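Below is one structure, written out as structure tokens; comments come after it.
The values are calculated or read from the model by the stated rules, or taken from the named source; none is laboratory data. What you are looking at is a predicted structure, and each value in this text was computed from that prediction instead of being measured. Every residue, glycine among them, receives a Cβ derived from its backbone with ideal geometry; neighbour counts consider all protein chains shown.
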Amino acid sequence: MGEIDAAVPELDTPVVVVDLDVLDRNLRRTAELARNANVKLRPHFKTHKSVWIAKEQIKYGACGLTVAKLGEAEVLVDAGIEDILVAYPIVGKLKLARLAKLLERARVIVGIDNLPCAEGLSELGQSLNKRIELYVDVNTGLNRCGKEPGEETAALVKEIAKLPGVEVIGLMTHGGYAYGQTTLEGLRAAARQEAEGLILTKRLLEKAGIEIREISVGSTPTSKFIEELDGVTEIRPGAYVFGDISQLAIGVISPEECAMHVLTTVVSAPRKGAIIVDAGSKTLSSDASPHWPGFGTQKDNRDVYVERLSEEHANVRVPDGYNFQVGERIKLLPNHCCAVTNLHDRLQGMRGDNPERLIAVDARGQIR
């Protein structure tokens with residue numbers, strides 16, 4: 001038989017449910033991990049986009065938050081959070097004007113990877129009569145932003161250091177390539193690669209008389225190994241708060257660490273081996289996993305998985321021996337929790353089988 005979730009009949013579906021006990025454990029564990037390693041925790045806001053969760057992270061010891069976009073930073077500063085890293089290049093007069101307003105109200109560090117961005121920030125810093133703090137992004141393997149570790153990045157930092165109105169205080173990177181690993185040793189190697197590229201660059205800069213105070217690494221999978229890494233001063237995990245298939249499939253979390261699921265209703269059982277549920281791409285996102293098939297699996301049963309998505313329908317593959325009926329409810333574990341969050345105005349926080357609080361997605365749609 002299928003999994004009947006009669007414990008929460010009052011919730012209309014589809015709905016994203018968050019187990020508040022699991023969420024709380026995840027927040028506590030990662031904060032403790034950072035404390036034990038004597039590094040700062042600056043979690044990424046883009047995963048949950050919730051002021052309430054951000055304040056919980058601060059309560060448990062986070063030094064501040066990381067954001068992807070100025071819109072997210074504005075939401076946080078309006079909520080009273082005053083230590084922000086914008087881990088994204090800021091380009092253009094409109095965005096620089098918004099940054100100027102934020103700098104009047106909060107400490108804002110900016111991540112950059114090129115001289116034109118630095119020059120724009122330099123002009124802004126001079127106009128504000130302050131030095132804007134910078135992290136320089138380094139490409140340690142993701143092949144997104146950042147120049148190569150070592151001489152290439154060091155040369156860029158030396159040029160930026162000549163500019164007035166800015167100060168390079170740190171080096172940063174994002175080890176997102178860790179999600180391609182499937183073994184503990186592969187993940188550990190990715191974590192070392194992430195850190196060593198920054199440390200190499202820092203040493204070259206110190207020889208040139210440029211002090212680098214912060215070595216900041218990102219990615220939830222690599223953060224798990226922080227106690228084994230020397231020289232790192234800050235971690236920026238994001239997806240650890242909710243957990244999802246992207247983390248579960250590579251073995252960095254257990255099913256007990258998955259706080260987010262999508263509660264759905266079977267609306268059709270049109271043929272053998274398939275059911276249709278009321279959560280499509282506008283609920284689950286269309287992010288795929290390189291490790292598991294489909295776009296989400298039934299909670300605790302990966303053999304039942306979303307095989308195909310329409311906007312408002314999901315075709316769920318049902319193996320022999322399972323018999324779902326129209327009206328039954330099933331919980332789906334999504335591939336990518338960050339993408340799911342941004343599709344919803346609010347998430348339903350649950351304490352056991354009881355709805356306890358709505359979690360507002362305060363920065364939903366803040367893509368500028």
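For Q348, which of the numbered conditions (1) of a type outside the set (D, E, K, R); (2) farther than 15 Å from L20 by Cβ; (3) in the same structural domain as Q298 (by TED's automatic domain parsing) fails to hold?
(2)
Is it fair to say V166 is among the β-branched types (V, I, T), closer than 17 Å to G120 by Cα and without any contact (Cβ under 8 Å) to a residue 40 or more places away in the chain?
Here the answer is no, as V166 does not meet what is asked.
Yes or no, residue by residue, for (1) under 25 Å from V22 (Cα atoms); (2) polar (S, T, N, Q); (3) without any contact (Cβ under 8 Å) to a residue 24 or more places away in the chain:
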{"site": "V266", "(1), (2), (3)": "no, no, no"}
{"site": "A274", "(1), (2), (3)": "no, no, no"}
{"site": "D287", "(1), (2), (3)": "yes, no, no"}
{"site": "K299", "(1), (2), (3)": "yes, no, no"}
{"site": "Y305", "(1), (2), (3)": "yes, no, yes"}
{"site": "A339", "(1), (2), (3)": "yes, no, no"}
{"site": "L343", "(1), (2), (3)": "yes, no, no"}
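Take the conditions in the same structural domain as F295 (by TED's automatic domain parsing), over 22 Å from the mean Cα position of the chain (by Cα) and at pLDDT 95 or above and apply them to V267. Does it pass? It would help to see each step written out before you state the result.
Values: in the same structural domain as F295 (by TED's automatic domain parsing): yes; over 22 Å from the mean Cα position of the chain (by Cα): yes; at pLDDT 95 or above: yes.
The answer is yes for V267.
Within the range 128-153, count every residue that is crowded, with 23+ Cβ neighbours inside 10 Å and more than 17 Å from A87 (Cβ to Cβ).
1
Provide a single number: the residues in the range 107-146 that are of a type outside the set (V, I, T), at negative phi and within 22 Å of the chain's Cα centre (by Cα).
Counting residues in the range 107-146 that are of a type outside the set (V, I, T), at negative phi and within 22 Å of the chain's Cα centre (by Cα) gives 10.
Here are some conditions: (1) out of contact with any Cys (no Cβ under 9 Å at 6 or more places or on another chain); (2) farther than 18 Å from E214 by Cβ; (3) β-branched (V, I, T). V22 meets all but one. Which one does it not meet?
The number of the failed condition is (1).
Please determine, by comparing only the residues of the range 215-247 that are among the aliphatic types (A, V, I, L, M) and not in a loop (DSSP other than H, G, I, E, B), which one is nearest to P43 (Cα to Cα). Even if it seems obvious, please write down each step before you answer.
Narrowing the range 215-247 to residues among the aliphatic types (A, V, I, L, M): 215, 217, 226, 229, 232, 235, 239, 241, 245.
After this cut, where a residue has to be not in a loop (DSSP other than H, G, I, E, B) as well, the list is 215, 217, 226, 235, 239, 241, 245.
Values: I215: 15, V217: 11, I226: 14, I235: 7, A239: 9, V241: 9, I245: 20 Å.
Restricting to residues being among the aliphatic types (A, V, I, L, M) and not in a loop (DSSP other than H, G, I, E, B), the top hit is I235.
Which is surrounded by fewer than 19 Cβ atoms within 10 Å (Cβ to Cβ) and of a type outside the set (K, R), of L76, L65, L96, L124?
None of the others qualify; the one that does is L96.
Would you point out the residue of the range 13-51, among those that are of a type in the set (K, R) and part of a loop (DSSP other than H, G, I, E, B), that is nearest to the chain's Cα centre (by Cα)?
K49
Return yes or no: is S223 closer than 17 Å to L142 by Cβ, in contact with an Asp or Glu (Cβ under 8 Å, 6 or more places away or on another chain) and outside the structural domain of S285 (by TED's automatic domain parsing)?
Spelling it out, it is not the case that S223 is closer than 17 Å to L142 by Cβ, in contact with an Asp or Glu (Cβ under 8 Å, 6 or more places away or on another chain) and outside the structural domain of S285 (by TED's automatic domain parsing).
Looking only at the range 142-187, filter to residues that are at pLDDT below 95 and small (G, A, S); which one of those is nearest to L115 (Cα to Cα)?
That would be G146.
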